[in-house]
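The values are calculated or read from the model by the stated rules, or taken from the named source; none is laboratory data. Just so we're clear, the structure is a prediction, and the values are computed from it rather than from any experiment. Quick reminder, even Gly has a Cβ in these numbers, built from the backbone with ideal geometry, and neighbours come from all protein chains shown. For accessibility, only protein heavy atoms count, side chains too; no ligands or nucleic acids. Shrake-Rupley method; radii C 1.70, N 1.55, O 1.52, S 1.80 Å.
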Amino acid sequence: MATATRRLLPALLKILAPAGARGLSTEKAVGAAAVVGSHTAKWMQDTSKKSPMELINEVPPIKVDGRIAVCEGAAEGVGLGHPIEYICLDLEAPNVCKYCGLRYVQVHHH
């Protein structure tokens, strides 16, 4: 498998690289990162609004009866969310969804 990949990689790079290019360059990526960085810096200057992390941290941990929480990132009936994430709740501390940051904790019935 690795040998086939090594054989096909130069052909793939020729297809992806524009004619006359030195190969795949990071110039476009660096330029895009600068735009994103300046946008983020501009957004962070406005202290009248809360950041997304501050907003998500205001949501209390969601209590779940079982050992596994299922997070879709959206309220029921709403089609805007993220891929389904199954979250193990065996630890005492709340576990966080890697997509949206919602926290889940297992309810222990003693």
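Remark: pairs (first residue in the stretch 87-106, farther than 22 Å from E54 by Cα and in a loop (DSSP other than H, G, I, E, B); second residue open to solvent by 80 Å² or more (accessible area, probe 1.4 Å) and not charged (D, E, K, R); Cβ separation under 8 Å; 6+ apart in sequence or on different chains) = L89/I68. None of G101, G81, G77 is out of contact with any Leu (no Cβ under 8 Å at 6 or more places or on another chain), at pLDDT below 85 and on the phi > 0 side of the Ramachandran plot except G77.
Matching residues to (1) among the aliphatic types (A, V, I, L, M); (2) modelled with pLDDT of 65 or more; (3) part of a loop (DSSP other than H, G, I, E, B); (4) within 30 Å of H108 (Cβ to Cβ):
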position: A21; (1), (2), (3), (4): yes, no, yes, no
position: G37; (1), (2), (3), (4): no, yes, no, no
position: K49; (1), (2), (3), (4): no, yes, yes, no
position: G66; (1), (2), (3), (4): no, yes, yes, yes
